[in-house]
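Presented below is the structure to which this report refers.
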Protein chains: 2
Amino acid sequence: MNAASGGACRSGPPSLSAVKALVADDLARVDRTIHANLASSVALIPELARHVTDAGGKRIRPLVTLLGARAAGYEGDRHIELAAVIEFIHTATLLHDDVVDRSLERRGLQSANAIWGNAASVLVGDFLFSQAFRLMVADGSLPVLQLLSNAAAVIAEGEVLQLVTTGKTATTEDEYLEVVRAKTAQLFAAAAAVGGHLVEHDPDVLAGLDRYGHQVGTAFQLTDDALDYLGESEETGKPTGGDFREGRLTLPVILAYAQADRRERDFWERTLGNGQQTVDDFAEACAIIRRRGTIAQTYRRAVACSDNAVTALDVLPQSRCRDALADLARLASSRRH
Amino acid sequence: MNAASGGACRSGPPSLSAVKALVADDLARVDRTIHANLASSVALIPELARHVTDAGGKRIRPLVTLLGARAAGYEGDRHIELAAVIEFIHTATLLHDDVVDRSLERRGLQSANAIWGNAASVLVGDFLFSQAFRLMVADGSLPVLQLLSNAAAVIAEGEVLQLVTTGKTATTEDEYLEVVRAKTAQLFAAAAAVGGHLVEHDPDVLAGLDRYGHQVGTAFQLTDDALDYLGESEETGKPTGGDFREGRLTLPVILAYAQADRRERDFWERTLGNGQQTVDDFAEACAIIRRRGTIAQTYRRAVACSDNAVTALDVLPQSRCRDALADLARLASSRRH
């Protein structure tokens, strides 16, 4: 049952499929748990929710839970439902994000709100969120409930923080990283730490997993930020330039704004501060960002987070699952498309 | 501390203020708990949330929790935070409902979405929902968590069910009562039953409180449905005709549609089925409803629910708080404005 024990003999660069292969059976069980808990006599619920859960999501967060639990030495079954809980919280957040951002696409498909409308996306998101709580209560561990309910509240607060900073071109790097910490990294941290709670309450292990998750989550987000100005829509499954068009200030822009000349500052104020964009503006944004070198700077910060994540794993005994977590951390900031 | 013990010497018709006076101190503590848990470094959260929590809400659901706990013989303090949890879930639902219904007013004031936009209402609603979970986890009782997380999931499912029945003029009374049960009555049932969980796990007491809550919640909803076609906007704090204008099929219309002639059916199809309304249509809707006598029929059903609620209290020992719950049940269906 425990694929985590024993050393590893790895070669070549890490790949997501190799990482996933280590817990392939568990991932399949997570998918079955997700589908089983979408069942409802109200047909719209599974229909809309499956559109989101099945549309090319990489299951990175549940993967972190599965690997974290195994790497911490857990050999039971509780990690399956808790991994599904993490994905439910994530999916509920996606549904509400797309309403908030008025996004019409996600992962190359029409967004749920584009198909079924905002009202349905809001309410099915609420259903997924409440199903997540029902599942974690069924697990029955108060420390796990504390971890996950705190994470949910921090995420919600981070979402509001992001909303109030939308269009604020003077956002500093620190302010932005606070949004990323709350909105994105917190769920990765909870996904990782929940595994530690299943075996022991060694504070060092829990702190290490929490730190791993925070750093990996930040690495993924910053890399996504960079990719959104690189343009490989088919690969990322996201319409390139989505952040720009929806007025989201992300790190490549924040760093470029900090070193902008007068003309560039006017450009960012008009396009992101006031939301007045023409069809050529995204190309111009990419040109400025290239000139200022802020894609490379963003990647450097992401790589530093990946390195921190790998270091944080030192609290765990050596195992194949620990290695896989390290590979995942490196993958987070090495994506170039 | 326990105002619940001892018999009562009542006279005159019940009044909400008399019911509230019995637990006035506890209600004030619930308000302080609500405000304390709206605190956030993100200023928009308390600002928007206080607009909703302080805008004339009657605190009926927390009142049910406080009285239910005392009537069940509970003498501690846990009911305060749990009453706040119930109000948080209710408030989160209101915020999302107003987005879903595109309501611009609530209780005579501008709705939060009218002031701060849909995005803020969705995300602050999520924050309140997650704060509710954090508070109930802090309470630390798994049976209470099961009760409340199940209620939240049923409510969310009921919200989606209501959405898919919007504009469906052929909705039957039973289908409608199923929406009311899930969307409205379930939270009243949880509000009542949570008090029972604080003292004992006598299944008869818990079942009685659950039944009381379901019946009271239904009585409140059906009475609201009737009032929305009676027209006393200052008193209800709701813009009269809101249900009609937003295309919500409620019991007065469902009963009127069931006995409609050809012309009336065409009217309901046009105005509620297809949402094509002129300024005179609400007056015409009221005229049809008066002719068909469905306000009185709706009230009769509400009164029956109130009677059932009073009967359900038989499982509790006689006390002033039990009497107050009975008064509240009678009040639910006796409002005429």
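A short reminder: the numbers here are calculations on the coordinates, not readings from a lab. Given the structure is predicted, the values throughout are model-derived calculations rather than measurements. Glycine also receives a Cβ, built like all others from the backbone with ideal geometry; neighbour counts cover every protein chain displayed.
What is the stretch A:16-334's relative contact order, in percent, from Cα pairs under 8 angstrom and six or more apart in sequence?
Once normalised by length, the contact order is 21 percent.
Between B:Asp261, B:Asp323, B:Asp243, where does the largest GNM mean-square fluctuation fall for chain B, given springs only between Cα atoms within less than 10 Å?
Result: B:Asp261 has the largest fluctuation of those listed.
Can you list the HN-Hα couplings for the stretch B:268-280, worked out from phi with the Karplus curve (6.51, -1.76, 1.60; θ = phi - 60°), rounded to whole Hz and with x for Gly and Pro?
Those phi angles translate into 5, 4, 5, 7, 10, x, 9, x, 9, 10, 10, 5, 8 Hz.
In degrees between 0 and 90, to the nearest 10, how far off the longest principal axis of chain A does helix A:142-165 point, with axes built from Cα atoms?
Value to nearest ten degrees: 10.
What is the sum of charges around B:Leu316, taking Lys and Arg as +1, Asp and Glu as -1, for the other residues whose C-beta is under 11 Å from the C-beta of B:Leu316?
Computed value for this residue: -2.
What's the center-to-center distance, using Cα atoms, between the stretch B:106-130 and the stretch B:208-226 in Å?
25
Averaged across the residues of B:129-142, what count of C-beta atoms belonging to other chains lies within 10 Å of each residue's C-beta?
Per-residue shielding by partner chains comes out at 6.
If each label sits 7 angstrom from Cα along the C-beta direction, how far apart, in nm, is A:Asp307 from its counterparts in the other copies?
Its label point is 7.8 nm from the equivalent points in the other copies.
Label position 7 Å from Cα toward Cβ: report the copy-to-copy distances for A:Ala138 in nm, one decimal, ordered from shortest.
2.8
Count, for each residue of A:145-157, the Cβ atoms from other chains sitting within 10 Å of its Cβ, then give me the mean as a whole number.
Taking all residues of A:145-157 together, the mean is 6.
Among A:59-66, A:324-331, A:274-281, what's the highest-first ranking by average C-beta atoms within 10 angstrom per residue?
A:59-66, A:324-331, A:274-281
By how many degrees, between 0 and 90 and to the nearest 10, does the Cα long axis of helix B:78-101 differ from the longest principal axis of chain B?
20
Comparing B:Gly68, B:Gly208, B:Gly76, which has the greatest mean-square fluctuation in the GNM of chain B with Cα pairs linked when under 10 Å apart?
Taking springs between Cα atoms under 10 Å, the residue moving most is B:Gly76.
Under 10 Å, Cα contacts only: if you run a Gaussian network model on chain A, which one of A:Leu161, A:Leu142, A:Leu177 comes out with the highest mean-square fluctuation?
The residue that fluctuates most here is A:Leu142.
Hey, got the dipole for the stretch A:11-66? About the Cα centre, +1 on K and R Cβ, -1 on D and E Cβ, debye to the nearest 20?
So the magnitude is around 120 debye.
If you count, for each residue, the other Cβ atoms within 10 Å and average over each peptide, how do A:115-121, A:95-101, A:170-176 line up from highest to lowest?
A:95-101, A:115-121, A:170-176
In the stretch A:160-285, if the dipole is taken from +1 on Lys/Arg beta carbons and -1 on Asp/Glu beta carbons about the Cα centre, which of A:Val199, A:Gln277, A:Tyr229 is farthest to the positive end?
Farthest towards the positive end: A:Gln277.
Can you give the mean number of other chain Cβ atoms that lie within 10 Å of the Cβ atoms in peptide A:31-44?
2
Relative to the other copies, what are the label-point distances for B:Ser15, with labels 7 Å from Cα along the C-beta vector, expressed in nm at one decimal and sorted shortest first?
7.8
Placing unit charges on C-beta atoms (Lys and Arg positive, Asp and Glu negative, everything else neutral), compute the dipole magnitude of the stretch B:84-205 about its Cα centre in debye, rounded to 20.
For the stretch B:84-205, the charge dipole is close to 440 debye.
For the stretch B:16-334, what is the charge dipole size about the Cα centre, in debye to the nearest 20, if Lys and Arg each add +1 at the Cβ and Asp and Glu each add -1 at the Cβ?
In debye, rounded to 20, the stretch B:16-334 gives about 260.
In Å and on Cα atoms, what radius of gyration and Dmax does chain A show?
19.8, 61
Per the helix-only calculation at 222 nm, which mean residue ellipticity applies to chain A, given -39500 (n - 2.57) for every DSSP H run of n ≥ 4 and division by its residues, nearest 500 deg cm²/dmol?
After summing the helix terms and dividing by residue count, I get -21500 deg cm²/dmol.
With unit charges on the beta carbon (Lys/Arg positive, Asp/Glu negative), name the residue among B:Pro62, A:Gln186, A:Tyr176 whose Cα is farthest towards the positive pole of the charge dipole of the protein assembly as shown.
A:Tyr176
With no solvent and one point per C-alpha, what does the Debye sum give as log10 I(q)/I(0) for the protein assembly as shown at q = 0.06, 0.07, 0.10, 0.12 Å⁻¹?
With no solvent term, the Cα-only Debye profile gives -0.37, -0.50, -0.97, -1.27.
How long, wide and thick is the stretch A:201-302, going by the Cα atoms along their three principal axes, in whole angstroms, largest first?
In descending order, the Cα extents are 54, 31, 23 Å.
Measure of size requested: the Rg and Dmax of the stretch A:23-121, with Cα atoms as the atom set and Å as the unit; please supply both.
Rg, Dmax (Cα atoms, Å): 14.5, 44.
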